[in-house]
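These notes concern the structure reproduced below.
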Amino acid sequence: MAQPRDVWQELALRDLAASGNADAWRTLYDGSFDSVAAYVRWRASGLTDLVDDVLQETWMTAIRKLRTFDPHTCPFAAWVCGIAANVLRHQLRSRTRYRRRVSVFETSEHLVAPTIDDTRERAERVAQALAELPERYERVLRAKYLELQSVERIASDGGETAKAIESLLMRARQAFREQYERDT
């Protein structure tokens, strides 16, 4: 949760940016871009084209919905990450539907589908599995494997015991595995 003075600062920046102040928008954007981009890279499993598309759509959505941002609820970067998670989920579903339509068309026309690079296909499956996980599972997996935090650090940051985090990690890994295998 943001500190009280950060809430007021983000409220002021939000209001200024929403009224067209480019400097205020730049301050919000610059202050959160790196963490949002890292979050999207993690969730998109490093697929550069997907990351670029998601980031672009995320920031456009953030600009359009800026007046709905409430700093009392969460910090600006967290709000934008929430938008990014929804955009990514939508993009992955759209890509899956597109691939299925193309596959049906190619099969019906007796065409041979081009070979998809196994690494890319695996990365897309990882991204899809992460996108379908509950936020709490994704958050603990990100802390452990992307941010390389220890179980003790994750526990202390969340006000939980290390044993509770170990259990949560076990459930999160299992849920990821099931989702990943379901997408095959």
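The values are calculated or read from the model by the stated rules, or taken from the named source; none is laboratory data. Small disclaimer: the values here were computed from a predicted structure and weren't measured. Heads up, the Cβs are rebuilt from the backbone with ideal geometry, glycines too, and the neighbour counts pull from every protein chain shown.
When you check Leu28 against the structure, is it over 30 Å from Arg122 (Cα atoms) and either in contact with a strand residue (DSSP E or B) (Cβ under 8 Å, 6 or more places away or on another chain) or touching a residue at least 40 places away in the same chain (Cβ under 8 Å) (or both), yes or no? So Leu28 passes the test. Is there a residue in the stretch 27-41 that is farther than 30 Å from Tyr145 by Cβ, assigned by TED's automatic domain parsing to the domain that holds Asn86 and not hydrophobic (A, V, I, L, M, F, W, C)? Yes: the stretch 27-41 contains one or more residues that are farther than 30 Å from Tyr145 by Cβ, assigned by TED's automatic domain parsing to the domain that holds Asn86 and not hydrophobic (A, V, I, L, M, F, W, C). Screening the stretch 62-81 for residues that are of a type in the set (Val, Ile, Thr) and farther than 14 Å from Leu28 by Cα and picking the one that is surrounded by the fewest Cβ atoms within 10 Å (Cβ to Cβ) gives Thr68. Within the stretch 22-77, the only residue that satisfies the criterion of being at pLDDT 95 or above, among the polar types (S, T, N, Q), out of contact with any Leu (no Cβ under 6 Å at 6 or more places or on another chain) and more than 17 Å from Leu88 (Cβ to Cβ) is Thr68. Does Ser19 qualify as being at pLDDT 85 or above and either within 15 Å of the chain's Cα centre (by Cα) or surrounded by fewer than 17 Cβ atoms within 10 Å (Cβ to Cβ) (or both)? Considered against the rule, which asks whether it is at pLDDT 85 or above and either within 15 Å of the chain's Cα centre (by Cα) or surrounded by fewer than 17 Cβ atoms within 10 Å (Cβ to Cβ) (or both), Ser19 comes out as yes.
Listed by position, the helices (runs of 4 or more DSSP H) contained in the stretch 116-179 that have at least 1 residues being out of contact with any Phe, Trp or Tyr (no Cβ under 7 Å at 6 or more places or on another chain), among the β-branched types (Val, Ile, Thr) and at pLDDT 90 or above are 135-141, 151-158. Can you name the residue in the stretch 117-156 that is among the small types (Gly, Ala, Ser) and under 18 Å from Tyr180 (Cβ atoms) and is also surrounded by the most Cβ atoms within 10 Å (Cβ to Cβ) among such residues? The residue in question is Ala127. When the test is whether a residue is at pLDDT below 95, in a helix (DSSP H, G or I), among the aliphatic types (A, V, I, L, M) and more than 29 Å from Glu124 (Cβ to Cβ), Val102 does not pass it. Looking at the structure I just gave you, is Arg41 surrounded by fewer than 19 Cβ atoms within 10 Å (Cβ to Cβ), free of Cβ contacts under 8 Å to residues at least 40 places away in the same chain, within 30 Å of Phe176 (Cβ to Cβ) and not acidic (Asp, Glu)? For Arg41, the condition - surrounded by fewer than 19 Cβ atoms within 10 Å (Cβ to Cβ), free of Cβ contacts under 8 Å to residues at least 40 places away in the same chain, within 30 Å of Phe176 (Cβ to Cβ) and not acidic (Asp, Glu) - is met.
Pairs meeting the criteria (first residue in the stretch 164-184 and without any contact (Cβ under 8 Å) to a residue 60 or more places away in the chain, second residue aromatic (Phe, Trp, Tyr), beta carbons under 6 Å, at least 6 apart or on different chains) are Ala172/Tyr137; Ala175/Tyr137.
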